[in-house]
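Report on one structure; see the data block that follows.
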Amino acid sequence: MTIGRDGTLIAFGAAPLATRYGEFCVHRFHNCTTGAPALALTVGDVTTPAPLPARVHSSCVTSETYGGCDCDCAEQLDAALAHIAGRRRGALFYLTQEGRGAGFVAKALDRMVVQASGNRVSTFEAYAQLGIPDDQRTYG
């Protein structure tokens, strides 16, 4: 991939990425609309007309980085990478849209509300109590 622009994304190139599932290619982008970075991990030829195994995954620092036990995002990411690698073809789009697009601070506040309720309040209910929309993510 070369540096270029496609719609609201600017592509900054690609590089090999060794993972526990084998080698992927990581493509780096900048989203001009949100200002956020985005990544696409690919394996095999993703340009053929055959159905493409793919996942659109929003970042989750609490689960993927800190190993938070009250979230299954890391397991979802892991399963998607295993699935794609097992088929030797596919793409994973990794978007920096923490906390359903509300950001890390909103997610931290949400966790405080859920924990203070003894887990009787769901994440969606906590967002409503905090005045945060259910989902602010975009996929353009």
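Here is a yes/no grid of residues against (1) out of contact with any helix residue (DSSP H, G or I) (no Cβ under 8 Å at 6 or more places or on another chain); (2) surrounded by fewer than 17 Cβ atoms within 10 Å (Cβ to Cβ); (3) closer than 25 Å to residue 12 by Cβ:
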position: 37; (1), (2), (3): yes, yes, yes
position: 41; (1), (2), (3): no, no, yes
position: 45; (1), (2), (3): yes, yes, yes
position: 55; (1), (2), (3): no, no, yes
position: 85; (1), (2), (3): yes, no, yes
position: 95; (1), (2), (3): yes, no, yes
position: 98; (1), (2), (3): no, no, yes
position: 128; (1), (2), (3): yes, yes, no
position: 131; (1), (2), (3): yes, yes, no
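For the range 32-47, the set of residues classified as touching a residue at least 24 places away in the same chain (Cβ under 8 Å), more than 14 Å from the chain's Cα centre (by Cα) and over 14 Å from residue 87 (Cα atoms) consists of 32, 33, 34, listed by residue number. Selection of the range 1-35 for residues being open to solvent by less than 80 Å² (accessible area, probe 1.4 Å), at pLDDT 90 or above and outside any strand (DSSP E or B) yields only 21. Go over the candidates 103, 22, 90 one by one and state the one that is free of Cβ contacts under 8 Å to residues at least 24 places away in the same chain and of a type in the set (Gly, Ala, Ser). Just a single option satisfies the conditions, and that option is 103. I need a count of the residues in the range 63-72 that are open to solvent by 30 Å² or more (accessible area, probe 1.4 Å) and under 13 Å from the mean Cα position of the chain (by Cα). Adding up the residues that qualify gives 3. Condition test on residue 109, is it over 18 Å from residue 127 (Cα atoms) and at pLDDT 75 or above? It is false that residue 109 is over 18 Å from residue 127 (Cα atoms) and at pLDDT 75 or above.
The values are calculated or read from the model by the stated rules, or taken from the named source; none is laboratory data. This structure is a prediction, so every number in the text was calculated from the model and none was measured. For neighbour counting, all protein chains shown are included, and Cβ atoms are generated from backbone atoms with ideal geometry for every residue, glycine included. Please note that ligands, DNA and RNA were not included when accessible areas were found on the heavy atoms of the full protein model with its side chains. Shrake-Rupley method; radii C 1.70, N 1.55, O 1.52, S 1.80 Å.
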